[in-house]
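**Student:** I'd like to ask you about the structure that follows.
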Amino acid sequence: MNDKKPAFSEKPACSETYIPIPEYITCPKCGEDIELWSDEEETLCIACGYKVFKRENTVH
């Protein structure tokens, strides 16, 4: 009889799935609403090309 216990008593961290979600911020240069995904730290404004960083804006 094989009485070995499984290596993990709980689910390993890699079994959790993280799905990024879109967040919307305002471009500080032109005022356009920009989509920034939750796993991104920066993006380009599609209206003016300004590089927008998550930390410099309030997500709304």
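The values are calculated or read from the model by the stated rules, or taken from the named source; none is laboratory data. Worth saying up front: this structure is predicted, and the values here are computed from it rather than measured. Ideal geometry is used to build each Cβ from the backbone, glycine not excepted, and the neighbour counts take in all protein chains shown.
**Student:** Does region 27-45 hold any residues that are more than 24 Å from T17 (Cβ to Cβ) and surrounded by 12 or more Cβ atoms within 10 Å (Cβ to Cβ), and which are they?
**Tutor:** Correct list: C27, P28, K29, C30, E32, D33, I34, L44, C45.
**Student:** Related question: Return only the number of the condition from (1) of a type in the set (V, I, T); (2) part of a loop (DSSP other than H, G, I, E, B); (3) modelled with pLDDT of 90 or more that T43 does not satisfy.
**Tutor:** For T43, the failing item is (2).
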